[in-house]
Amino acid sequence: MKTILTTSPIEAAEFIRRGGIVAFPTETVYGLGANVFNESAIAKIFEAKRRPNDNPLIAHVGNLEQIKLLVKEITPDARKFIAAFFPAPLTLVLPKAERVPLIATANLETIGVRMPRNELAREFLKACKTPIVAPSANLSGKPSPTDWQAVFEDLDGRIDCLLQGEMTEIGLESTVVDCTSNAPLVLRSGAISLEDLQKIIPETRDYQIKKDESPKSPGLKHKHYAPRARVILVSDFRFQISDSSAFIGLNEPPPDFDLIKICRSVEEYAHEVFAFFRTCDRENITTIYCETVAENGIGAALTDRLKRAAE
Ligand code: TXA
Ligand code: MG
């Protein structure tokens, strides 16, 4: 199939209306969208990404009204988070409405709902006039795409349209919070931190997978965010560097790396890390040394992604 590139959210939404799949920017990472009520369009997403079909999709809405189309109930906890944060890099897991097809949620009776705050995403969603399910717009297992070129690299010829926007503002995927249990549970960390959520609902907790339990968030069991190169986490510079190595972190490393990215803040590190992984793969780097960061604020989400990449 030919992939059409456009900067027009109206043109991109036309492809959704005709049952196609469209990559679009958000403030977190680029998503690959389909109409949540169109089962054959959703099937195309799984095929294009080579995504395992037990991994549920997040539904994106252009306004708060649309949430009612997707869920049985907006739980009291979810109501508080919506009032405090939406639109935001935050996904709330809620009981799904009957009319949402099970292919969207990988047979779960719950659905993740998010209202992006990125301007182009909002124009696109508004023009679609329907909620849009969208996983990150990468081939399964690769780092999430933070610019349209990364989407193109993975999905050119596999999707109908690519809405070209800027590089994404945050660079890591949204925080996912289960709002169906007694207390909110953070299933995936993101730019909205545990501390931010606890300011609204103090009982909010991080989800820890118990041994032998199947994970609440199916995506957590799949290998993720990994470049081809080996990723090693380091907290100092007392290590032996191997051939064709790269470094990303906050402090200046010894000069013997082939590629070096020094970030001025943890936010910039989060913003750059997935694009850096892709650059390293293009340059045939074999080992990427990533400096560890303090695990508060977005540092928790960055640490989570670095650990997964290093697994
Ligand atoms: O920032 C983001 O969330 C991006 C942009 C495009 O919005 N999307 C994204 O989607 O990262 P994806 O599919 O790559 O990751 C979705 C994560 C997976 O770990 C999945 O298991 C979890 O959210 N998830 C989705 N629906 C769920 C549900 N009903 N229950 C538990 N976890 C769910
Ligand atoms: Mg993903």
Somewhere in the range 246-264, is a residue of a type in the set (K, R) and not in a strand (DSSP E or B)? yes
Looking across the range 144-157 at residues that are of a type in the set (D, E, K, R) and away from ligand 1 (no atom under 16 Å from the Cβ), the single one that is surrounded by the fewest Cβ atoms within 10 Å (Cβ to Cβ) is D156
Inside the range 1-60, can you point out the residues that are of a type in the set (D, E, K, R), more than 14 Å from L155 (Cα to Cα) and touching a strand residue (DSSP E or B) at 6+ places or on another chain (Cβ under 9 Å)? E11, E14, R17
Those residues of the range 171-184 which are over 16 Å from I82 (Cβ atoms) and buried (at least 21 other Cβ atoms within 10 Å of the Cβ) amount to G171, L172, E173
Restricting to the range 14-57, and then to whatever is away from ligand 1 (no atom under 16 Å from the Cβ) and not basic (K, R), can you tell me which residue is nearest to E98 (Cα to Cα)? F37
Keeping to the range 274-305, report how many residues are of a type in the set (S, T, N, Q) and surrounded by 19 or more Cβ atoms within 10 Å (Cβ to Cβ). 1
With the requirement that a residue be surrounded by fewer than 14 Cβ atoms within 10 Å (Cβ to Cβ) and modelled with pLDDT of 95 or more, what does the range 253-272 give you? R264, S265
Residue tally, condition touching a helix residue (DSSP H, G or I) at 6+ places or on another chain (Cβ under 6 Å) and either buried (at least 19 other Cβ atoms within 10 Å of the Cβ) or part of a helix (DSSP H, G or I) (or both), over the range 101-119: 4
Given (1) of a type outside the set (A, V, I, L, M); (2) touching a Phe, Trp or Tyr at 6+ places or on another chain (Cβ under 9 Å); (3) within 10 Å of ligand 1 (Cβ to nearest atom), where does T105 come up short, assuming only one miss? (2)
Picking from S181, S217, S242, which residue would you name as being modelled with pLDDT under 95, within 16 Å of ligand 1 (Cβ to nearest atom) and more than 18 Å from the chain's Cα centre (by Cα)? S181
When V93 is run through (1) touching a strand residue (DSSP E or B) at 6+ places or on another chain (Cβ under 8 Å); (2) within 15 Å of ligand 2 (Cβ to nearest atom), the failure sits at (2)
Quick check: is even one residue across the range 88-100 of a type in the set (A, V, I, L, M, F, W, C) and either farther than 28 Å from I201 by Cα or more than 13 Å from ligand 1 (Cβ to nearest atom) (or both)? yes
Selected residue (only one of K80, K49 is basic (K, R) and closer than 17 Å to V177 by Cα): K80
Screening G141, G157 for residues that are at pLDDT below 95 and outside the structural domain of I288 (by TED's automatic domain parsing) leaves only G141
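The values are calculated or read from the model by the stated rules, or taken from the named source; none is laboratory data. The structure displayed is predicted, hence computed values, not measured ones. Every residue, glycine as well, gets a Cβ built from its backbone with ideal geometry; the counts of neighbours run over all protein chains shown.
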